[in-house]
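Read through the structure below, which is laid out as structure tokens, and then see the notes.
The values are calculated or read from the model by the stated rules, or taken from the named source; none is laboratory data. Just so it is clear, the structure is predicted and the values come from calculations on it, not from any experiment. Heads up, the Cβs are rebuilt from the backbone with ideal geometry, glycines too, and the neighbour counts pull from every protein chain shown. Heavy atoms of the whole protein, side chains included, go into the accessibility calculation; ligands, DNA and RNA do not. Shrake-Rupley method; radii C 1.70, N 1.55, O 1.52, S 1.80 Å.
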Amino acid sequence: MREAHRARVLDFLRTIQKPDRPLEAVAESDSLVEAGLIDSLALLEIVAFLEEQYRIDFAETGLEPDQLTSVSGILDLIEREARA
Amino acid sequence: MAVALLVRRFGQLHEDPALIARWRSWLGPLLTWLTPRRRRSLLALGALYIAVRQPLREMFPGVDLRAPGGPVAGAIVVVGCFAAVVSVYVAAGRFASLPAAIRSRPQVWLHAAFWALVAIAWLVPDDRGPGAAALAGLVLALPFLLWRMGYLLMSGQRGRVAGSRFGDHLLYLYPAYGGTNTPYGKGLDHLARHEAASEEALARSQLAGIKLLILAAIYNGLLALMAGLVYGDPRGAWSGHGLGLPRLEQMLPAAGTPWATAWVSLYVALVWDVLKLAARGHEIVGILRLFGFNVFRNTYKPLLAPSIVEFWNRYYYYFKELLVEFFFFPTYVRRFRRSPRLRIFAATLAAAGFGNLYYHLLQHDAFVLTLRWAAIGSWLLSRGFYCLLLSVGIYLSMRREQTRRGTAAAPSVPVLTQVRRVVGVWTFFALLSIWADDSAAGFGQRVSFFLALFGVR
């Protein structure tokens, strides 16, 4: 299941990342912002993506930006919300 | 060429393996001894000193400690601030058991408690001795702690305070490394995420800190030169040869500054403000890095930013983060979810507009002590206008940046276009500063000055 989520998340990240930066070059736990792949604006689009695709309501769960800046952080959040 | 190489090497100081190895060999046993726990303990000890000094410093000039009852009032303020911090720590540690109304809006409740105290202080007559003086002192001293306690509460909301050491939170609540009302390095969650866990990481962090401290010294030198040579400030270097360029607070009340002089003054003031903020921020973050917290610097080349939002992100990073975490994201996740553009605009207005204005209102001692709106009417109008313009500028810039992203490779941007973008950003913030200036100039005077820049008198 995590693999399916990963593929979906990576496909989405490719649509919002900065051009000319290979997503695959960054480890799953690395910060995408610190690695220069996305800017802080992209966080908004990640939030919108998670709301639409996974029905996560951040008004209920709270929003921790640092959770959403790495692929592993996003996947952990998806799995956590799926279990809740 | 040699200078460029030197600059590049200096910039990569903390990444140089040979230098890291040498640093480790010089400091060897000290680096081993400085475990994360010991580093935090040292900062916590420093925090105890700040816990006494900071509230007393914030009390002036609103409360005269030399007055009868002054030292008693001072002691009450120090203890009162500490009690507030302990209370928030306890509440954060038991966050899950707080009433639902508080759990859903913890920051609102924190600030409501502060304003309740402000109202009480306002109601108590001034001639009520140490008690009245202490209340006044508390309302002046607490804003320094408010946003820090906010980060503590936020950490509690995420379940990270229960079981944590109070001393670990003290280090950012009363930062021995310095700071303004804006918590540099944010709270413990952020600091811990960037904390050096190994000797090598500590060495790297310390070298990065030394680099920032050197940069701070260079910037302070440049500021002294500018003060003397550009502004003719007697406290600056070589002021006898100064150009005597007027500052904004000198130009605003007096009409008739030559057009070119006014424009030059605005641009130079922008450079001055950036250097000043960078110098102070580098000192604070530099010290943090010496203690192994390798956090982002507060200011990172904003004068090279190609967009307004990028400048905003680089100029005063921790203030921007404060507005984002306490205002932008809470608004973004709750309002206008079906309308993406309105959602971003509302959140931007909440942060760069309302949050920005509110933050500065808290620092306005005269208002916080007296609650007299008339006393701050002119300031409020100008600052409010500034915040509105800033919000609109950031929003439009964000929209433009969003359309530039994607998977397609970006064509290389011609140099002239890059320069044009940077000049555009400089111009925006230089003009915006007309309304951010804290001089006594009225709104009308600022508008007249602005229009005169474009030949309209």
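Listing for the model above:
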| quantity | calculated |
| --- | --- |
| Per-region count, segment B:85-104, residues more than 19 Å from residue B:145 (Cβ to Cβ) and either free of Cβ contacts under 8 Å to residues at least 24 places away in the same chain or touching a strand residue (DSSP E or B) at 6+ places or on another chain (Cβ under 6 Å) (or both) | 6 |
| Entirely in segment B:361-457, the helices (runs of 4 or more DSSP H) that have 2 or more residues that are modelled with pLDDT of 90 or more and within 14 Å of another protein chain (Cβ to nearest Cβ) | B:373-404 |
| Scope segment B:416-457; condition touching a helix residue (DSSP H, G or I) at 6+ places or on another chain (Cβ under 7 Å) and polar (S, T, N, Q); matching residues | B:433, B:439 |
| Only one of B:367, B:385 that is touching a Phe, Trp or Tyr at 6+ places or on another chain (Cβ under 9 Å), of a type outside the set (Lys, Arg) and open to solvent by 50 Å² or more (accessible area, probe 1.4 Å) | B:385 |
| Filter pass, residue B:52 being hydrophobic (A, V, I, L, M, F, W, C) and modelled with pLDDT under 85 | no |
| Selected residue (criterion: most open to solvent (accessible area, probe 1.4 Å)) from residues of segment A:21-46 that are within 9 Å of chain B (Cβ to nearest Cβ) and part of a loop (DSSP other than H, G, I, E, B) | A:34 |
| Identity of the residue in segment B:149-166, among the polar types (S, T, N, Q) and within 21 Å of residue B:81 (Cα to Cα), that ends up surrounded by the most Cβ atoms within 10 Å (Cβ to Cβ) | B:155 |
| Residues within segment B:175-204 that are crowded, with 19+ Cβ neighbours inside 10 Å, modelled with pLDDT under 95 and of a type in the set (Ser, Thr, Tyr), tallied | 1 |
| Failed condition for residue B:287, given (1) within 14 Å of another protein chain (Cβ to nearest Cβ); (2) in contact with a Phe, Trp or Tyr (Cβ under 6 Å, 6 or more places away or on another chain); (3) farther than 23 Å from residue B:450 by Cβ | (1) |
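Quick grid of which residues meet (1) touching a Ser or Thr at 6+ places or on another chain (Cβ under 9 Å); (2) open to solvent by less than 30 Å² (accessible area, probe 1.4 Å); (3) in contact (Cβ under 8 Å) with a residue 24 or more places away in the chain; (4) away from chain B (no Cβ under 11 Å):
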| residue | (1), (2), (3), (4) |
| --- | --- |
| A:18 | no, no, no, no |
| A:48 | no, yes, no, no |
| A:71 | yes, yes, yes, yes |
| A:75 | no, yes, yes, yes |
